[in-house]
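The values are calculated or read from the model by the stated rules, or taken from the named source; none is laboratory data. Source: prediction; values computed, not measured. Every residue, glycine as well, gets a Cβ built from its backbone with ideal geometry; the counts of neighbours run over all protein chains shown. All accessible areas refer to the heavy atoms of the entire protein, side chains included, with ligands and DNA or RNA removed. Shrake-Rupley method; radii C 1.70, N 1.55, O 1.52, S 1.80 Å.
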Amino acid sequence: MIRFGSVVAVAIGLVVSLAAAGQSVSARADEIVIGVPSWSSANATAHVLETILEDRFGVDVVLKETSNAEIFAGMDDGTIQIHPEVWLPNYKALHDEYVLRRKSVVMSPRGVPASQGICVTQATYDGDGIHTIQDLADPEKAKVFDTNGDGRGEIWIGAPGWNSTKVEQIRAHDYGYDKTMQLLQAEETVGLAAVDAAVATGKPMAFYCYEPHHVFELHDLVYLDEPAHDPRKWQIVDAEADGDWLEKSKAGVAWPPSFLHIFYAKALEESQPEIASFLKSVNLDVDTVSQMTYALVVERRDPAEFAREWVDGHGERISGWIEDAD
Amino acid sequence: MSFGMGFSSPTQTQIYDARSGKWVSYDPSQAREYFQRYGQTPEEFQRRIVPFRTAEKPGTIVIDADRHFLYYILPDFQAIRYGIGVGREGFGWAGIVHVGRKAEWPTWTPPKDMIERDPRLTKYANGMPGGIDNPLGARALYLYEKNRDSLYRIHGTNEPWTIGLNLSSGCIRMNNDDVIDLYNRVTRGAKVIVLMTGASLFKGV
């Protein structure tokens, strides 16, 4: 999952420059463009929405793979109508810019609950006595994760460029385990393969995790306990804006409750009001999204074929969403 | 990239001794002794099929240098696990590469600095023909990053007792039997994931 980092500035810049140039490229009036960001659960949801919109609303749908920031910019300028999965609070800055300030994008109210934090394998939890995030700050306990003999453990905190990776750096600093653990950044593929190998050999492993995600279907994983989220103890200073961001930030508590929401272009309420209403009533859940992701990523199902099968198998549920629409 | 044969182990491997039920250090002298006594590497490093739950496609290679294992992913959450020896250079990076080239009984060309250290290698300045004495062993898989040779290789070795060790030099080395087995399975373009092993890896590929 690509998390939002400094891209809001790029997104805003893009919008400003398009506006300045007088460019506004609209999709065909009868065509819906769904922006598809790079992570698998969004891909699954995008294909399911595509199938439903074509079946039930008779519109042509185009899927466009692009970045998060560009999807928001596209919903603003009329070239994209739907973002299938926005993570909040991770992308709060985009939400605030386009939903609250520009009012060109709408957030569907029904979110899928999501979670994020630091996980260990079940074997690490049971066998190595690592139960809380504070355990990572204990030098003796941190040693179980040491793979290079320097006396400190290693922990994968996410991929470079993810918004969450910066936050995990802050959390490690605030909890103090940046002194006992080496914070490692690598592509998600590398991080997840390391989890696979750790499980295969019983090697202790701690890592940033989020769900819905297929890794929870593959392995027995446990979130490390930590104090509940407290907004007073959660202050994220933008690394791009302030060189002292790490020292000035605070995040020594659990992540705030997280949700996945469908977002859509406000203009859709005028051009395709029944579709806008439907998008507000789509009600997915964490198990469904996890299973969809597992089918695409682990079973390597063709996304379009999978979506067709899922839609055909859940006709009543989809009809319920349509009936619930305003 | 150098392929000198010296031993100096930056970190020690541990292997599980099933008889005593304990993890024991596995260092170069013990490795030689073990190999002389049994004519093979410890069971831990012998080729076998193991359960391996992953989302990676069959045909992908996962290298866990920390545990000295190379996994070749099979269908149905299984993998062939091979024992490997890892060169110190092999601890300098982690990431995703692919098999850009394959060679049988590859030629080995010693780097300049190695020739300067050991003038006897001058005769191989233009390449040592493949063969049983060649440090690259029976087969080599050349790892590419995008379309460029990363200079890292998975290759055979004529020193099978070095499997399971971290060496002063070399890339990812395997028993000749194992590297032939892997070579016959792997297709050009296969994805190779090199796992994080210690902090130094995170300087990037």
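I'd like the residues of the range A:147-168 whose 1.4 Å-probe accessible area shrinks by no less than 40 Å² going from the isolated chain to the full set of protein chains. Buried on complex formation: A:Thr147, A:Asn148.
Put simply, chain A fits an ellipsoid with semi-axes of 37, 24, 16 Å; these come from the alpha carbon gyration tensor as the roots of five times its eigenvalues, largest first. If the cut-off is a Cα-Cα distance under 16 Å, which lysines reach B:Lys123, setting aside same-chain residues fewer than 8 apart in sequence? Of all the lysines, those that pass the test against B:Lys123 - Cα under 16 Å, at least 8 places apart if same chain - are B:Lys112. Share of antiparallel DSSP beta bridges in chain A, in percent to the nearest 5? Once the DSSP bridges in chain A are tallied, antiparallel ones form about 60 percent.
Inside 10 Å of the C-beta atoms of A:185-192, what's the mean count of C-beta atoms belonging to other chains?
Numbers: counts 3, 10, 4, 0, 7, 9, 3, 4.
Whole-number average of other-chain Cβ neighbours for A:185-192 is 5.
Among A:279-289, A:295-305, sorting by the average number of other beta carbon atoms lying within 10 angstrom of each residue, highest first, gives A:279-289, A:295-305.
Only protein atoms count toward the accessible area here, which uses a 1.4 Å probe; on the range A:115-248, the carbon and sulfur part of that area reaches 45 percent. Chain B and chain A together bury an accessible surface of about 2200 square angstrom, both sides counted, with a 1.4 Å probe and no ligands or nucleic acids included.
Excluding ligands, DNA and RNA, the accessible surface per residue across the protein assembly as shown is 43 Å² with a 1.4 Å probe.
Counting only heavy atoms of the protein chains and using a 1.4 Å probe, B:Lys57 has close to 120 Å² of accessible surface.
Let me spell out the model: positive unit charges on the Cβ of Lys and Arg, negative unit charges on the Cβ of Asp and Glu, origin at the Cα centre of chain A. What dipole size does that give, in debye rounded to 20?
So the magnitude is around 780 debye.
Over chain A, DSSP H runs of length four or greater, each weighted -39,500 (n - 2.57), average out per residue to a 222 nm ellipticity of -12000 deg cm²/dmol. Take the Kirkwood radius over Cα pairs of the range A:42-95, plug it into Stokes-Einstein at 10 °C and 1.306 mPa s, and you get 132 µm²/s for translational diffusion. Projected onto their three principal axes, the Cα atoms of the range A:115-248 cover extents of 42, 32, 28 Å, largest first.
Peptides A:47-57, A:166-176, B:182-192: what's the order by average Cβ count within 10 Å, highest mean first? Walk me through the numbers on the way to the answer.
Numbers: A:47-57: 20.0, A:166-176: 21.7, B:182-192: 15.6.
Per-residue mean Cβ counts within 10 Å order the peptides as A:166-176, A:47-57, B:182-192.
Partners of A:Lys250 within straight-line reach, counting lysines whose Cα lies under 25 Å from its Cα and excluding those fewer than 8 residues away in the same chain: A:Lys92, A:Lys141, A:Lys166, A:Lys179, A:Lys233. The modelled label-to-label distance for the pair B:Arg101/B:Ile180, using points 7 Å beyond Cα in the direction of Cβ, is 2.3 nm.
Alpha carbon centre of the range A:48-96 versus the range A:128-204: separation in Å? Centre-to-centre distance over Cα atoms comes out at 34 Å.
A straight Cα-to-Cα reach below 28 Å connects B:Lys191 with the lysines A:Lys64, A:Lys203, B:Lys57, B:Lys102, B:Lys146, B:Lys203, residues fewer than 8 places away in its own chain not being considered. Take each residue of peptide B:45-58, count the partner chain Cβ atoms within 10 Å of its Cβ, and average: the result is 4. Ordered from largest to smallest accessible area (heavy atoms of protein chains, 1.4 Å probe), the residues B:Arg37, A:Arg102, B:Arg153 come out as B:Arg37, A:Arg102, B:Arg153.
Averaged across A:206-219, how many Cβ atoms of other chains sit within 10 Å of each residue's Cβ atom? Don't jump to the answer; show the numbers that get you there.
On the way: counts 0, 1, 0, 0, 0, 0, 0, 0, 1, 3, 0, 2, 4, 2.
Shielding by partners across A:206-219 averages 1.
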